[in-house]
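Each remark here refers to the structure printed beneath this line.
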Amino acid sequence: MVDNATQHKTTQYDDKGFPDAGEPPKTGRWKLIGPGIVVAVTGVGAGDLIATLIAGSRFGYALLWAAVIGCIVKIALAEGSARYHLATGSTMLDGWRSLGKWTSWYFGIYIMIWGFVYGATAMSATALPLAALFPFLPLWAWAMISGLVCAAFVAFNNYEVFETVMKVFIAIMFTIVVGIAILVVPDVGNALTGLIPTIPEGSAIYTLGLIGGVGGTITMASYGYWVNAKGWRTPSWMGVMRLDNRVAYIMTGIFVIAMLIVGAELLYTAQIALSTGDRGLLDLDAVLQERFGPFVAKAFLVGFFATTISSILGVWHGVSLLFADFVRTVRGETSGSRQGLEKTPAFKFYLFWLTIPPMTLLWFGRPFTLVIIYGALGAFFMPFLAVTLIWLLNSARVPKEWRNGWLSNGLLGAAALLFVVLCVNEVISLISG
């Protein structure tokens, strides 16, 4: 007989070749942490870095509390998604489908437009640090290489390899960003006062964005799929999943706080403004070079690259799983057929969709109308996720012992309200131009 410690060193497989970790071990559960790391590192991209930096550069430490609240909200959303998978043995797409065909219409339109525009955005963001580190190729070339390499990696590797690589990237980005935050010598007294909720004049939208934006959007719905890919299939893994989720978002919280410290200490105190968009991170590179020299500046670019490339890998894998499951549910196939989604033509098609068609946007820029539609649909996804999780997790679809309690309902309700406000603001911004 194989003991628990040996049994869970690697993923086990059933007689059909699908991952099945059996029963969780009684000790050493922290060694199994992985899917939460994947969803958390996927959710922190270049846009999140720049948003946090700008918040720190404009308001100092005043919005530190918002970063903490944001991580708590994301813990609730990711936990709800994975709990539905483990408690019911079905997937989020099965759950949404049970709420009515309107969910499939919405999700199908959303995932196609989102993937097309996100592919170009993510590849461009990853190209920025590569072009700065290795200027012998133009930005568009690095963008295309990034997308193609990530698509090939996801297509030809299993979940275990994917998770290991994602852990390497989070270790790089975490070490570098936290190291730079320590290097700038944070004002601990001011940082502690930043944990007291305040909303400085002109900071309302930044506050909401910091709470709602950092840590993932659509990829949060992928968490349950990654939990299943790890071989965690039954409610007995609920405790391990919750540990995994909390550790991952605590690390995300530390990472986000470190970026806010960098913004507060390097930019706010010196009144340095950043460029809009992802290029603002290159402005920070110049500031770091002037303050600490070329080694620290280059290290930051490496951390910048680890952040963006991990987002590409996570989206290429996780959202392709969502799309493959979407196709399965539309065809009316049974929930048991969700195993092996990575091998389906739908998974491979969406990898293609994320990588090749968006390359046209690298050449011609992003068409205005498409950006408008993308922004409008994107603003509606997080309210959709929060509201449907409340609906599903309080229904008879979930065994009674795994339905929402007052804390889960409170956090998911607060998340839904927050995202509705952000959604309304985004739509008003789009209408007003």
Quick one: what Rg and Dmax do you get for segment 30-432 from the alpha carbons, in Å? 20.2, 60
Proximal lysines relative to Lys298, as straight alpha-carbon distance under 26 Å, when same-chain residues fewer than 8 apart are discounted: Lys167
Karplus-derived 3J(HN,Hα), 6.51/-1.76/1.60, for each residue of segment 235-241, Hz, glycine and proline x: x, 5, 8, 4, x, 5, 4
Note, segment 302-316: 3J(HN,Hα) by Karplus (6.51, -1.76, 1.60, θ = phi - 60°), whole Hz, Gly/Pro = x, goes 5, x, 4, 5, 4, 5, 6, 5, 5, 5, 4, 4, x, 5, 4
Once the in-chain neighbours fewer than 8 apart are removed, the lysines whose Cα is under 25 Å from Lys101 read Lys348
Give me the one-decimal nm value for the distance between modelled label points at Val161 and Leu133, 7 Å along each residue's Cα-to-Cβ direction. 2.1
Given the pairs Lys230/Lys343; Lys26/Lys74; Lys74/Lys230, which span a C-alpha to C-alpha distance of over 18 angstrom in this model? Lys26/Lys74; Lys74/Lys230
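Rule-based calculations on the coordinates, nothing more; no lab input. The structure displayed is predicted, hence computed values, not measured ones. Here Cβ is always computed from backbone atoms with ideal geometry, including for glycine, and neighbour counts include all displayed protein chains.
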